[in-house]
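A.B. asks: Next up is a structure, given as structure tokens.
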Amino acid sequence: MSTPDLYKGWLARHSVPAADQRSAMLLLLPMFVVLCVVAVFPIVYSLWTSLFEIHLTRMSTTFVGFGNYLQIFRDPSFWAAALRTAVFTVGSVAAIMVIATLIALLLNTEFRGRRVLSTALLIPWAIPYVVDGLMWKWIYDSGYGALNGLLLQLGLIQHSMVWLGDPHRTLALIANAFVWKEVPLATILLLVTLKSVSSDLYAAARVDGATLWRRFVHITLPSMRPGFMLVMIYEAMMAVRHFDLFFILTEGGPADASHVVSWHIYVETFRKLSFGTGAAVAYLLALATFGMSYAIIRLLGRRL
């Protein structure tokens with residue numbers, strides 16, 4: 001039998017009947033419609049909105065094409081917000097990666113109380129961001145905050161500090177609350193990656209006389225590259241578009257110290273009621289997020 005005949009016979013045995021294909025498409029149709037209504041339509045409509053100058057205060061709608069985008073690029077406040085977003089993202093993701101890696105390495109070893117610690121680690125992750133923001137707002141409070149109380153008891157400060165009122169500390173304090181919330185998930189993802197590393201590699205390395213540091217550098221770190229890539233992409237996407245903590249803790253203040261891009265979108269859309277400009281900034285943020293994710297994949301995924 002010739003090769004074409006064999007191929008036709010394989011197709012005849014493995015092809016899906018036309019009736020089954022129609023049934024499958026019919027069953028998937030409701031999900032496809034819901035997806036289009038919930039996800040696709042808002043994305044397309046917001047892109048269309050970004051091409052118009054829409055001001056609800058003046059009840060006017062004017063087609064400007066890419067004029068909103070050009071206006072954004074000429075706005076110094078947007079670039080200042082972009083810089084704060086970059087600082088917040090880099091600092092938060094770096095802290096999350098370091099802390100999560102250390103905790104994952106700790107939980108990957110056998111010791112008494114490991115399961116209790118693993119369970120307690122999930123508590124910050126289970127708390128919603130609104131509750132997380134209110135909790136840290138109380139901790140940072142200058143009058144009854146736990147942070148001032150602890151530092152006063154330890155003698156590290158002489159009087160209560162207005163933590164969220166200091167423009168030089170605000171971004172770092174918000175990043176601290178963000179890191180506290182995101183570390184558990186990053187730890188779990190890295191711990192799963194560590195569990196997938198074969199113990200035979202460590203046994204062979206010990207036989208060859210490799211020290212603990214060499215085993216960590218040459219076996220553990222390369223094996224954790226997929227986990228590093230996943231955590232960096234996810235946490236960077238969460239940080240660059242984060243809004244909840246900025247809204248609850250500072251509302252962009254003090255003196256625009258926490259005025260990041262996500263807050264800039266909120267101000268343009270819901271305070272200035274400039275929906276066209278707000279949609280344009282949101283699309284720029286989305287493009288920046290995709291570009292950042294692509295760069296991380298290219299950097300860490302080339303040798304996977």
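A.B. asks: From (1) hydrophobic (A, V, I, L, M, F, W, C); (2) over 30 Å from Pro42 (Cβ atoms); (3) in contact with a Leu (Cβ under 9 Å, 6 or more places away or on another chain), pick out the condition that doesn't hold for Ile248.
C.D. replies: The one condition Ile248 does not meet is (2).
A.B. asks: Go through segment 44-64 and report how many residues are surrounded by fewer than 16 Cβ atoms within 10 Å (Cβ to Cβ) and modelled with pLDDT of 85 or more.
C.D. replies: Of the residues in that region, 4 qualify.
A.B. asks: Which one of the conditions (1) in contact with a helix residue (DSSP H, G or I) (Cβ under 7 Å, 6 or more places away or on another chain); (2) within 29 Å of Leu189 (Cα to Cα); (3) hydroxyl-bearing (Ser, Thr, Tyr) does Ser274 fail to meet, given that it meets all the rest?
C.D. replies: All conditions are met except number (2).
A.B. asks: Next question. Output the residues belonging to segment 229-254 that are surrounded by 20 or more Cβ atoms within 10 Å (Cβ to Cβ) and more than 30 Å from Phe270 (Cβ to Cβ).
C.D. replies: Result: Val231, Met232.
A.B. asks: Checking the structure you have, find out if any residue of segment 195-211 is closer than 30 Å to Tyr140 by Cα and either in contact with a Leu (Cβ under 9 Å, 6 or more places away or on another chain) or surrounded by fewer than 13 Cβ atoms within 10 Å (Cβ to Cβ) (or both).
C.D. replies: No, the conditions are met nowhere in segment 195-211.
Here is a yes/no grid of residues against (1) in contact with a Pro (Cβ under 7 Å, 6 or more places away or on another chain); (2) over 30 Å from Leu173 (Cβ atoms); (3) touching a residue at least 60 places away in the same chain (Cβ under 8 Å); (4) outside the structural domain of Ala104 (by TED's automatic domain parsing):
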| position | (1), (2), (3), (4) |
| --- | --- |
| Gly209 | no, yes, no, no |
| Val231 | no, no, yes, no |
| Ala236 | no, no, yes, no |
| Pro254 | yes, no, yes, no |
| Ala257 | yes, no, yes, no |
| Val261 | no, no, yes, no |
| Glu268 | no, no, no, no |
| Arg271 | no, no, no, no |
| Phe275 | no, yes, yes, no |
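A.B. asks: Contact list please: Cβ distance under 8 Å, first residue in segment 98-116 and surrounded by 13 or more Cβ atoms within 10 Å (Cβ to Cβ), second residue in a loop (DSSP other than H, G, I, E, B) and of a type outside the set (Gly, Ala, Ser), pairs at least six apart or on different chains.
C.D. replies: Thr101/Met224
A.B. asks: State all residues of segment 210-269 that are touching a Phe, Trp or Tyr at 6+ places or on another chain (Cβ under 7 Å), under 21 Å from Thr193 (Cβ atoms) and β-branched (Val, Ile, Thr); if no residue qualifies, say none.
C.D. replies: Ile219
A.B. asks: Select from segment 148-174 the residues that are modelled with pLDDT of 90 or more and in contact with a Leu (Cβ under 9 Å, 6 or more places away or on another chain) and write down the one among them that is farthest from Ile99 (Cα to Cα).
C.D. replies: In this case the residue turns out to be Thr170.
A.B. asks: Find the residue count for segment 248-282, including only residues that are more than 22 Å from the chain's Cα centre (by Cα) and under 14 Å from Asp75 (Cα atoms).
C.D. replies: 2
A.B. asks: Within segment 84-100, is there a residue that is of a type in the set (Phe, Trp, Tyr) and not in a helix (DSSP H, G or I)?
C.D. replies: no
The values are calculated or read from the model by the stated rules, or taken from the named source; none is laboratory data. In this text the structure is predicted, and so the values were computed from the model without any measurement. Here the Cβ is made from the backbone with ideal geometry for all residues, glycine too, and neighbour counts use every protein chain on show.
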